[in-house]
Amino acid sequence: MEKPHIVTCTAPVNIAVVKYWGKRNEELILPINSSLSVTLHQDQLKTTTTVATSKSFKEDRIWLNGKEEDVTHPRLQSCLREIRRLARKRHNNGDTTSTDLTGLSQKVHICSVNNFPTAAGLASSAAGFACLVYSLAQAFGVEGELSGIARQGSGSACRSMYGGFVQWIMGNQEDGKDSLAQQVEPESHWPELRILVLVVSAERKPVGSTSGMQTSVQTSCLLKHRAESVVPHRMEEMIKAVRGKDFAAFAELTMKDSNQFHATCLDTYPPIFYLNRVSQQVIHLVHRYNRHYGETRVAYSFDAGPNAVIFTLQQHVPEFVHMVQHFFPPETNGEDFIKGLPVKHTPVSEQLKQSVGLEPMPKGINYIISTKAGPGPRVVKDPSLHLLSPDGFPKL
Ligand code: DP6
């Protein structure tokens with residue numbers, strides 16, 4: 001048997017501060033509005049994917065989080081087809097860095113894992129498809145613009161192809177060639193910015209984004225208004241706030257955009273509810289905390305589920321985390337309530353607690369992941385970290 005060629009890469013999760021919700025083309029995954037996100041640091045949240053290619057493989061196969069999955073999944077097929085198409089094109093153009101034609105016809109084995117529990121309800125499709133496309137590109141020796149391919153796996157995945165602050169420009173061509181992600185600023189641009197993911201306990205699995213946004217496009221006139229008349233200006237304002245590191249402006253736009261996204265969900269018929277009582281309580285906590293200081297120090301954002309993503313500046317993290325711990329008392333106040341970047345302990349004044357004045361919700365929040373903006377996909381050099389063994393089959 002010929003030894004398989006093996007590569008391993010990692011890719012990040014991203015959180016949109018101007019949300020993508022609604023497609024104009026389901027197959028190509030073309031959105032009805034542009035969006036903007038912050039790429040989260042891979043030290044805390046990442047997908048790792050290993051791709052092996054070999055003449056000996058009979059068919060394409062994929063294992064996700066330890067389980068073999070159906071490789072005929074249409075979105076997975078789109079990504080595989082587009083990477084192979086790109087590789088063939090490079091080869092025909094006489095680009096010697098790309099694999100030879102025999103390599104192109106080889107089958108792939110793909111193995112992918114997340115370093116965070118799927119049960120946490122954190123969107124994993126963005127990191128997953130970004131990592132898939134990046135690893136396949138490495139395996140087939142293609143470089144350059146890949147966000148248009150990641151987009152065809154999952155819309156939000158195109159933004160995970162870059163680090164820092166990333167916009168997905170909706171484009172207007174029928175073929176989607178101009179619907180691509182672009183870095184607005186690198187992760188080093190705003191080092192004081194911190195992100196806290198508050199993992200909320202949920203009883204039920206919410207409606208998936210793909211079907212949810214489909215129903216919204218069909219039924220919500222608020223969504224149409226948002227896409228046509230709100231987002232274009234909001235994108236400009238958001239880019240300005242990010243470039244100028246204007247936290248108050250960034251925070252207000254982030255919260256308003258999250259709220260409008262959830263309003264379009266409520267305007268969907270039948271309505272979709274992603275926020276639960278804990279999410280609502282977090283919203284109150286943030287606004288009351290900001291009101292207490294007479295300035296916008298903290299912002300929230302929610303995707304298609306009840307988890308809250310908090311944006312704040314480094315200097316406010318200890319106090320705000322303490323507030324979360326106070327109003328959502330965990331089972332144990334131990335170390336494992338706060339994961340990721342260390343958070344210093346700080347005393348909080350009674351006056352602040354009183355001025356927030358919420359009814360505590362014990363165990364409303366399972367844990368906090370403390371993180372910051374981070375880089376885009378990376379190649380993992382250390383071969384001991386491959387998820388596939390030298391024969392091209394899963395190690396575990
Ligand atoms: C609420 O990218 O998961 O997180 O393109 O159908 O795969 P598909 O949807 P997906 O939708 C993400 C929706 C969101 C907002 C966002 O990330 O912009």
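The values are calculated or read from the model by the stated rules, or taken from the named source; none is laboratory data. Quantities reported herein were computed from a predicted structural model and do not represent experimental measurements. Cβ coordinates were reconstructed from backbone atoms using ideal geometry, including for glycine residues, and neighbour counts include every protein chain displayed.
Would it be correct to say that Gly103 is surrounded by fewer than 24 Cβ atoms within 10 Å (Cβ to Cβ), part of a loop (DSSP other than H, G, I, E, B) and either away from the ligand (no atom under 16 Å from the Cβ) or of a type in the set (Val, Ile, Thr) (or both)? No, not satisfied. In the condition set (1) within 30 Å of Pro330 (Cα to Cα); (2) in contact (Cβ under 8 Å) with a residue 24 or more places away in the chain; (3) over 21 Å from the mean Cα position of the chain (by Cα), Ile272 is compliant with all but (3).
Applying a threshold of 8 Å to beta carbon distances and a minimum spacing of six or more residues, or different chains, the list of pairs starting in the range 293-314 at a residue that is farther than 13 Å from Ala251 by Cα and assigned by the TED database to the domain that holds Leu275 and ending at one that is part of a strand (DSSP E or B) and of a type in the set (D, E, K, R) reads Gln314/Arg194.
Counting residues in the range 39-54 that are more than 12 Å from the ligand (Cβ to nearest atom), within 17 Å of Ser125 (Cβ to Cβ), outside the structural domain of Ser301 (by the TED database) and in a loop (DSSP other than H, G, I, E, B) gives one or more. The residue that is surrounded by the fewest Cβ atoms within 10 Å (Cβ to Cβ), counting only those in the range 265-318 that are closer than 30 Å to Val217 by Cβ, away from the ligand (no atom under 15 Å from the Cβ) and β-branched (Val, Ile, Thr), is Ile283. Among residues of the range 154-169 that are free of Cβ contacts under 8 Å to residues at least 40 places away in the same chain, those with a beta-carbon under 8 Å from a residue that is more than 7 Å from the ligand (Cβ to nearest atom) and of a type in the set (A, V, I, L, M) at least six positions away or on a different chain give the pairs Ala157/Ala127; Ala157/Ala130; Ala157/Val133; Ala157/Ala150; Cys158/Ala130; Cys158/Ala150; Cys158/Leu180; Cys158/Ala181.
In the range 3-17, the qualifying residues are those that are more than 8 Å from the ligand (Cβ to nearest atom) and of a type in the set (A, V, I, L, M), and the one that is farthest from Gly305 (Cα to Cα) is Ile6. Is one or more of the residues making up the range 339-347 at positive phi and surrounded by 11 or more Cβ atoms within 10 Å (Cβ to Cβ)? Yes. Kindly indicate whether any position in the range 176-190 is part of a loop (DSSP other than H, G, I, E, B), among the β-branched types (Val, Ile, Thr) and assigned by the TED database to the domain that holds Gln106. Looking for residues that are part of a loop (DSSP other than H, G, I, E, B), among the β-branched types (Val, Ile, Thr) and assigned by the TED database to the domain that holds Gln106, one finds none in the range 176-190, hence no. The residue of the range 130-173 that is nearest to the ligand (Cβ to nearest atom), among those that are buried (at least 24 other Cβ atoms within 10 Å of the Cβ) and part of a strand (DSSP E or B), is Trp168. The number of residues in the range 26-38 being crowded, with 24+ Cβ neighbours inside 10 Å and outside any strand (DSSP E or B) comes to 1.
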